[in-house]
1. Among the residues of segment 100-143, write down those that are among the β-branched types (Val, Ile, Thr) and closer than 23 Å to Glu56 by Cβ.
2. Pairs only if they're at least six apart or on different chains, beta carbon under 7 angstrom, first in segment 74-86 and under 8 Å from Glu139 (Cα atoms), second hydroxyl-bearing (Ser, Thr, Tyr) and surrounded by 23 or more Cβ atoms within 10 Å (Cβ to Cβ); list them, first residue then second.
3. For residues that are more than 20 Å from Val161 (Cβ to Cβ), buried (at least 19 other Cβ atoms within 10 Å of the Cβ) and touching a strand residue (DSSP E or B) at 6+ places or on another chain (Cβ under 8 Å), tally how many sit in segment 62-81.
4. Applying the selection to segment 20-48, what residues are at pLDDT 95 or above and surrounded by fewer than 12 Cβ atoms within 10 Å (Cβ to Cβ)?
5. What are the residues in segment 120-138 that are touching a residue at least 12 places away in the same chain (Cβ under 8 Å) and of a type in the set (Ser, Thr, Tyr), if any?
6. Identify all residues within segment 82-98 that are surrounded by 24 or more Cβ atoms within 10 Å (Cβ to Cβ) and closer than 16 Å to Leu148 by Cβ; write none if there are none.
7. Counting only residues that are surrounded by fewer than 19 Cβ atoms within 10 Å (Cβ to Cβ) and polar (S, T, N, Q), which one in segment 120-168 is farthest from Leu43 (Cα to Cα)?
8. For the subset of segment 30-57 comprising residues that are polar (S, T, N, Q) and part of a loop (DSSP other than H, G, I, E, B), which member is farthest from Arg151 (Cα to Cα)?
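The values are calculated or read from the model by the stated rules, or taken from the named source; none is laboratory data. None of these values were measured; they are calculated from a predicted model. Note that each Cβ is placed from the backbone with ideal geometry, even for glycine, and that neighbours are counted across all protein chains shown.
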Amino acid sequence: MLLFLEAIIISSCGADSGSHFNSHVPTQKMDQPQNLPSFQAALASTALNLMIARTEEEKRIGLMFRDNLSANEGMLFCYKKPQKMVFWMKNTRIPLDLLFFTPELLVSEMIEGMQPGIGVSDAELPLYAGKLPAQFALELPAGSISRLKIRLGDRLNIPLVFLFDDSQ
């Protein structure tokens with residue numbers, strides 16, 4: 001999993017969107033992947049099953065400790081407003097591609113082939129940063145951008161009701 005960070009906020013114990021630090025105790029074991037409900041979406045004419053990380057805790061844990069993702073599975077990180085985003089692969093076991101989206105759910109940037117970070121010290125973990133503010137980010141299995149022929153401007157089609165959590 002990737003931890004979601006504001007462009008300059010990095011912590012060895014986690015990350016957040018910069019609005020407030022999530023200091024409460026997680027509700028799951030910290031060496032197990034989280035299991036979030038999946039929702040149907042489509043991108044580049046391909047059906048996807050997406051877990052949606054809306055709360056700060058869900059975003060902080062993301063895809064940590066997951067051993068695999070199916071070809072059309074991913075995790076969508078949702079924020080209330082656009083912001084600069086930086087990811088790292090702390091405790092992530094699988095390589096991933098990353099897509100950033102505008103508030104209108106259009107692909108604005110892409111990063112291919114982020115490498116697993118399991119067992120890598122925080123100081124040695126590479127950072128994967130978007131250059132532009134984005135409101136959503138999508139992690140997919142590495143190679144998905146090429147395999148699905150995703151292009152800048154492609155729209156993610158997902159019911160908007162799934163994207164926001166009132167506690168954000």
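1. Within segment 100-143, the first condition is being among the β-branched types (Val, Ile, Thr), and the residues that meet it are 102, 107, 111, 118, 120.
If the condition is that a residue be among the β-branched types (Val, Ile, Thr) and closer than 23 Å to Glu56 by Cβ, then Thr102, Ile111, Ile118 are the ones that fit.
2. From segment 74-86, no pairs qualify.
3. 4
4. Ala47, the sole residue that qualifies.
5. Going residue by residue through segment 120-138, those that are touching a residue at least 12 places away in the same chain (Cβ under 8 Å) are 120, 122, 125-138.
Correct list: Tyr128 only.
6. Leu96, Leu98
7. Ser121
8. Keep residues of segment 30-57 that are polar (S, T, N, Q), which gives 32, 34-35, 38, 40, 45-46, 49, 55.
Those left that are additionally part of a loop (DSSP other than H, G, I, E, B): 32, 34-35, 45, 55.
Values: Gln32: 33, Gln34: 29, Asn35: 29, Ser45: 12, Thr55: 28 Å.
Residue satisfying both the conditions and the ranking: Gln32.
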